[in-house]
Amino acid sequence: MPESSLQPVAPLIPSTAISNEDRYSRQILFSGIGASGQQKLASAHVAIIGVGATGAATASLLARAGVGSLTLIDRDFVEPSNLQRQVLFDEADALESLPKAEAARRKIALFNSGVVVHARIADLVPANIAELLGSADLILDATDNFETRYLINDYAVQQSKPWVYAAAIGAYAATMNILPGSASPDPTACLACIFPKPPTGPVETCDTSGILATAVNLAASIQVTEALKFLTGQSNLMRRSLLSFDLWTNERSEISTRQPNPDCIVCGQRVFSHLAGEGRPHITLCGRNSVQIHEHHRPVDFAAMRDRLSPHGQVRFNNLLLRFERAPHTLTLFADGRAIIQGTTDVTLARSLYARFIGS
Ligand SMILES: [Zn+2]
């Protein structure tokens, strides 16, 4: 590429001239949205849990559609292996190990500065779920594990907040709308009605099955379209099924979710065991050989920690995280005391490394 093509080009339109009428004109022309639907989107607030592949695609679609406020919740940072499918991140984000929620906030501001984005670098747990999700009109699942989904389901059913399950692995995408109790005149089954226990058998992860970006984008497209129906007051048009689709084999299946199970422990008996914090394990992250430790909640002084760790390995930090490398392990520490330890899936070893270097 000749060097001259890299020179910045003076804008032909002043930035203040990007009006909402221009920006959303094609979406307003679509009869399902219209001018009144666009206004409803502008005043809506959606929380997205997980800003990995699905969450980045979902956040991008919602921000471009003009949803006024987004809360993006993610516990992780950008890595090179994310760039194949996580549409909001670039090489600079991976080199900086920028937390995904913050990287997504910065990227959205470049293409739609009118959207208010709350970037929350956190692991969703019973202790913070009400604070993180309380003000959202709708919750979108973009996580990679059933533990967190059951926690979301407990909270959503308890609070009568709608949420949308979405998952992608390999070439397979699955999604389901959950409209509990008074969230809809026609409530659906909840996640626990359909999956009283986590799906059994060998658990496939990105590590074992790989993943196609196209499967991620299919899950995100369906999830966001259902969200647009809800946010514009058309929940009657939302799909009442668990839909799954394999893009490689073209196999498709649909299970009705019209009838809540009266015996369901969550929406039938209203027992919220995940919200009560029972059985939360340390979680091995999807996509790499690592363990998260999140049992210690305390503010961390990164400069003091650097002084303490420097004799034991290489330390780098910025205002969002500290990285400590001591082969074969890399420990990434966040400001609230949470850590991700790469180079092992052994929880006991990860815990002992944390206790040794960060403190017990
Ligand atoms: Zn249920």
Does ALA276 satisfy the criteria of being in a loop (DSSP other than H, G, I, E, B) and at pLDDT 85 or above?
yes
Residues being buried (at least 23 other Cβ atoms within 10 Å of the Cβ), touching a strand residue (DSSP E or B) at 6+ places or on another chain (Cβ under 8 Å) and closer than 29 Å to ALA213 by Cα - total across the range 168-188:
6
Within the range 65-96, residues in contact with a strand residue (DSSP E or B) (Cβ under 9 Å, 6 or more places away or on another chain), part of a loop (DSSP other than H, G, I, E, B) and within 29 Å of SER19 (Cα to Cα) come out as VAL67, GLY68
Give all pairs with beta carbons closer than 8 Å in which a residue from the range 208-228 that is in the same structural domain as VAL46 (by TED's automatic domain parsing) meets a residue that is among the basic types (Lys, Arg) and modelled with pLDDT under 95; count only pairs at least 6 apart in sequence or on separate chains.
ILE211/ARG85; LEU212/ARG85; ALA213/ARG85; VAL216/ARG85
Just checking, does the range 310-320 include any residue being under 30 Å from ASN177 (Cα atoms), part of a loop (DSSP other than H, G, I, E, B) and at pLDDT 90 or above?
no
Among helices (runs of 4 or more DSSP H) completely within the range 118-202, the ones holding 3 or more residues that are more than 16 Å from the ligand (Cβ to nearest atom) are 129-133
Checked the range 261-278 for anything closer than 25 Å to LEU132 by Cα and either in contact (Cβ under 8 Å) with a residue 40 or more places away in the chain or charged (D, E, K, R) (or both); matches are ILE265, VAL266, CYS267, ARG270, PHE272, SER273, HIS274, LEU275, ALA276, GLY277, GLU278
Residues of the range 229-260 satisfying the condition of being in a strand (DSSP E or B), without any contact (Cβ under 8 Å) to a residue 12 or more places away in the chain and either not charged (D, E, K, R) or not assigned by TED's automatic domain parsing to the domain that holds LEU61 (or both)
SER253
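The values are calculated or read from the model by the stated rules, or taken from the named source; none is laboratory data. Since this is a predicted model, take the numbers as computed values, not measurements. Methodologically, a virtual Cβ is constructed for each residue, glycine included, from the backbone with ideal geometry; neighbour enumeration extends over all protein chains shown.
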